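Q: Could you have a look at this structure, given as structure tokens, before my questions?
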Amino acid sequence: MTDTNSPDTETTGLKMDFLSSSALNSQTSMEKVFMIVDRVKKGDLVVIEGGLTPEEEVELIETTMREIDIENFMGIDIYTLENDKTSFFGFSRKKTIGITIIGPANVMKEVKKKSNFLSMIANLGGSDAPMH
């Protein structure tokens, strides 16, 4: 019997971490950014309920730019699926963030985004894509 939790066991799949907004609310902005960068550098996709503040997104991008290593970490891609909210009379529209997907740029191969739809094809092969 093979121990699937053993570090010597090699799996060939894409790891996705789903984080609720309540799990992130207890963290500071920098804790969120570093947690996301650490996971993405390992090749994981991070799916967040809601999203980051504009300031957190800027810090995430800046931190990622400092961490880029041409051979091991090419950077990140961020995709957000928003919901349109219409008031009772239909006059004002408010966008709320449904989910945000953050992953390694070399794994997120093709993303199709429409107003209420997000489809992604992940690159699981090749030497440039981290594997789990």
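Q: When you go through (1) at pLDDT below 85; (2) in contact with a Lys or Arg (Cβ under 7 Å, 6 or more places away or on another chain); (3) farther than 18 Å from Ser22 by Cα one by one for Ser115, which number turns out not to apply?
A: (2)
Q: Considering only residues that are at pLDDT below 90, surrounded by fewer than 16 Cβ atoms within 10 Å (Cβ to Cβ) and assigned to a helix (DSSP H, G or I), which ones fall in the stretch 1-35?
A: Ser21, Ser22, Ala23, Asn25 - these are the residues of the stretch 1-35 that are at pLDDT below 90, surrounded by fewer than 16 Cβ atoms within 10 Å (Cβ to Cβ) and assigned to a helix (DSSP H, G or I).
Q: When only residues in the stretch 50-79 that are modelled with pLDDT of 90 or more and acidic (Asp, Glu) count, which is nearest to Ser22 (Cα to Cα)?
A: Glu56
Q: Residue by residue through the stretch 36-66, note down the ones that are more than 21 Å from Lys109 (Cβ to Cβ) and surrounded by fewer than 16 Cβ atoms within 10 Å (Cβ to Cβ).
A: Hits for the stretch 36-66 are Asp38, Glu49, Thr53, Pro54, Glu55, Val58, Glu62, Thr63, Met65, Arg66.
Q: Return the only residue of Met108, Met131, Met120 being at pLDDT below 70 and surrounded by 12 or more Cβ atoms within 10 Å (Cβ to Cβ).
A: On the way: Met108 fails: at pLDDT below 70; Met120 fails: at pLDDT below 70.
Of Met108, Met131, Met120, the one residue that is at pLDDT below 70 and surrounded by 12 or more Cβ atoms within 10 Å (Cβ to Cβ) is Met131.
Q: Taking Ile99, is it over 21 Å from Met30 (Cβ atoms), at pLDDT 85 or above and touching a strand residue (DSSP E or B) at 6+ places or on another chain (Cβ under 6 Å)? So that I can check it myself, show each step before the final result.
A: On the way: over 21 Å from Met30 (Cβ atoms): yes; at pLDDT 85 or above: yes; touching a strand residue (DSSP E or B) at 6+ places or on another chain (Cβ under 6 Å): yes.
So Ile99 passes the test.
The values are calculated or read from the model by the stated rules, or taken from the named source; none is laboratory data. Quick caveat: nothing in here was measured; it's all calculated off a predicted structure. Because the Cβ atoms are built from the backbone with ideal geometry, glycine has one as well, and the counts that use them run over all protein chains shown.
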